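Okay, structure first, notes after.
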Amino acid sequence: MVDKLLKEQNLRIIPFREKKIFIVDNHQYALLIWAREALKRGIPGILVSIDYHPDTNPPFWLYAYQKAVAVDPEREEKLFSLFQKKILGTIDPLNLNTLAEKMPLMRNDEHINAAMELGYLIDYHMINCMEKHCYTTGNHYLVPEEKFGTLKNEMFSAAGFDLSFLSNQAHLFLILDIDLDYFMRQENFIASPSEMSVFRKLLKKADVITCARSATYFEHLKMESFTIEECENSLIALIKQFIE
């Protein structure tokens with residue numbers, strides 16, 4: 001069932017020496033790839049995600065909220081928790097088919113904390129352009145507007161992100177995750193290797209690379225005329241340049 005869903009998501013796998021990039025249409029379906037890798041390795045992953053949106057809503061948030069409001073708006077908060085726990089309780093983290101069965105109920109901003117809840121991730125670093133969430137778990141970094149879309153060192157620095165966390169978690173596997181809606185201009189992919197040394201190190205350290213096309217958001221956010229196919233291929237070319 002997992003392979004069927006990923007095929008429906010137009011999964012594209014690009015090999016780079018010992019690494020691969022997995023590209024899907026909708027961001028939440030990257031969760032299936034993270035889960036498969038965590039089970040294969042027998043350890044949870046640590047995620048670094050670069051996205052226009054934070055994508056860190058609670059797992060099955062919208063589904064549970066709508067159910068709660070429909071039953072009793074005055075008890076929405078309590079019912080929300082009950083409905084959320086109920087659907088999570090139907091998922092066996094060791095059986096990916098049970099997760100795949102519930103994927104149609106998951107929104108494209110709920111997969112990161114779903115991965116945390118199910119034990120596929122032990123921590124995450126969310127770099128985005130919209131909001132610096134303050135949760136008890138995870139780490140959030142807000143990109144200043146003048147740095148939107150770039151992968152240069154100056155963006156990571158301005159957002160307060162650095163790679164020091166890797167020295168304490170070398171035993172875990174690293175997932176680098178990128179949403180194409182982060183890139184608004186083709187020039188975002190143009191820079192000297194020295195200007196992108198942080199991103200290059202992330203690529204070097206990453207065991208798995210995932211990417212979401214997020215076509216609707218990409219089309220809404222882009223600031224010049226270029227297609228999502230051009231964006232996807234530009235990212236692949238950049239990664240290939242840095243890895244190979």
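Annotations
- Cα-based reach from Lys20 at 17 Å (exclusive), listing aspartates and glutamates while leaving out same-chain residues under 8 positions away: Asp3, Glu37, Asp177, Asp179, Asp207, Glu232, Glu244
- DSSP beta bridge pairing in the chain, given as percent antiparallel to the nearest 5: 15
- Cα gyration tensor shape for region 44-128, rounded if a/c is under 1.5, else prolate or oblate: oblate
- Over region 35-91, relative contact order from alpha-carbon pairs under 8 Å, at least 6 apart, %: 25
- Gain upon complete extension [Ile243, Arg185; 0.36 nm per residue less C-alpha separation]: 18.6 nm
- Per residue, the solvent-accessible area of region 56-181 (1.4 Å probe, heavy atoms of protein chains only, all protein chains present) comes to 49 Å².
- Relative to the longest principal axis of the Cα atoms of the chain, the long axis of helix 61-71 makes an angle of roughly 30 degrees.
- Of Lys40/Lys132; Lys40/Lys78; Lys4/Lys85; Lys132/Lys205; Lys7/Lys147, pairs whose Cα-Cα distance is over 29 Å: Lys40/Lys132; Lys40/Lys78; Lys7/Lys147
- Rounded FRET efficiency, nearest 0.05, which uses the C-beta distance separating His220 from Val69 and R0 of 25 Å: 0.40
- At the residue level, Lys205 shows approximately 120 square angstrom of accessible surface with a 1.4 angstrom probe and all protein chains present.
- With both labels modelled 7 Å from their Cα along Cα-to-Cβ, the Lys78 to Lys4 distance reads 4.0 nm.
- Region 5-26 and region 117-187 have their alpha-carbon centroids 21 Å apart.
- Contact order relative to length of the chain, as percent, for alpha carbon pairs under 8 angstrom and 6 or more apart: 25
- A Förster radius of 25 Å combined with the Cβ-Cβ distance from Leu105 to Arg12 puts the calculated FRET efficiency at roughly 0.50.
- Region 77-214 shape via C-alpha gyration tensor axes, a/c threshold 1.5: prolate
- Accessible carbon and sulfur surface of region 104-242 relative to its total accessible area, %, 1.4 Å: 48
- Extended-chain gain in nm, criterion 0.36 nm per residue less alpha-carbon gap, Leu166 and Thr227: 18.5 nm
The values are calculated or read from the model by the stated rules, or taken from the named source; none is laboratory data. These figures come from a predicted structure and were not determined experimentally. Because the Cβ atoms are built from the backbone with ideal geometry, glycine has one as well, and the counts that use them run over all protein chains shown. Ligands, DNA and RNA are stripped out before the accessible areas are found, and what is left, the full protein with its side chains, is counted by its heavy atoms. Shrake-Rupley method; radii C 1.70, N 1.55, O 1.52, S 1.80 Å.
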